[in-house]
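One structure below.
The values are calculated or read from the model by the stated rules, or taken from the named source; none is laboratory data. Everything quoted here is computed from the prediction, not taken from an experiment. Every residue, glycine among them, receives a Cβ derived from its backbone with ideal geometry; neighbour counts consider all protein chains shown.
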């Protein structure tokens, strides 16, 4: 749009006495974006594993990455909101009243032009056929982005506190929905427990929603304890590192996606 037109618009509709100049500037900027067709939402594609993960890692077709040490396997796989909504389909079809605690369900934002991600969710499974006991702390899992952002896995109590704000008055339908979300979290999040020989344990690991500029990251499972002394103190531990990428960019109002070049 020519600069003369912008100046003419601002002079034609001067601010009323007492109107903050910041508010006028914001209105003009929004009008300029709308008139010139420059509006967009942030776009982020699904997480997918980096192909070269190292000699102890195996990448599967479904996007899962497995750490293998003898007969011990620790498998991590990112889950999309669509997959989580399908898995908990009965809890994901009531818009803002959906009780799927991991997503916004089928709720739409901005007249259907944008969906939002509530959390970043992974499925983590352990198969232990190698050691007498393995111990893994779900709260000691870090997501480190290549641009310097760091996210830590969320505890059950943090998610419980997040949803507690919706339980107005602790009664009626809102409290029932709070209890439903809480129960599902308890039943599906990765438990903090020892995994003995011959056992297989799995569950979800939850992180905050990633910022739109995050396109490459490492998920680090810290201090996986493999061997213990007579006092039950770990004497052998390993940090397991998984690498993932995703496409990010801009989604314009006409449906066009412009991807940001990855460094």
- Query: Looking at (1) crowded, with 17+ Cβ neighbours inside 10 Å; (2) at pLDDT below 95, which is the only condition residue 165 fails?
  - Reply: (1)
- Message: Could you go through segment 177-198 and let me know if any residue there is within 30 Å of residue 260 (Cα to Cα) and in the same structural domain as residue 77 (by TED's automatic domain parsing).
- Response: no
- Query: If we keep just the residues of segment 136-162 that are closer than 16 Å to residue 209 by Cβ and touching a helix residue (DSSP H, G or I) at 6+ places or on another chain (Cβ under 9 Å), which is surrounded by the most Cβ atoms within 10 Å (Cβ to Cβ)?
  - Reply: 154
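When you go through 73, 142 one by one, which is the residue that is part of a strand (DSSP E or B) and more than 20 Å from the chain's Cα centre (by Cα)?
Numbers: 142 fails: more than 20 Å from the chain's Cα centre (by Cα).
One residue alone meets the criteria, 73.
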- Query: Restricting the first residue to segment 215-240 and requiring it to be on the phi > 0 side of the Ramachandran plot and in contact (Cβ under 8 Å) with a residue 24 or more places away in the chain, which pairs with a second residue that is surrounded by 14 or more Cβ atoms within 10 Å (Cβ to Cβ) and outside any strand (DSSP E or B) meet a Cβ separation below 9 Å and a spacing of at least six or different chains?
  - Reply: 223/136; 223/137; 223/140
- What do you reckon, is residue 96 in a loop (DSSP other than H, G, I, E, B) and out of contact with any strand residue (DSSP E or B) (no Cβ under 6 Å at 6 or more places or on another chain)? no
- Any residue at all in segment 103-115 that is in contact with a strand residue (DSSP E or B) (Cβ under 8 Å, 6 or more places away or on another chain), in a strand (DSSP E or B), within 28 Å of residue 145 (Cα to Cα) and in contact (Cβ under 8 Å) with a residue 40 or more places away in the chain? yes
- Query: Can you name every residue in segment 229-261 that is over 27 Å from residue 123 (Cβ atoms), in a strand (DSSP E or B) and at pLDDT 95 or above?
  - Reply: 235
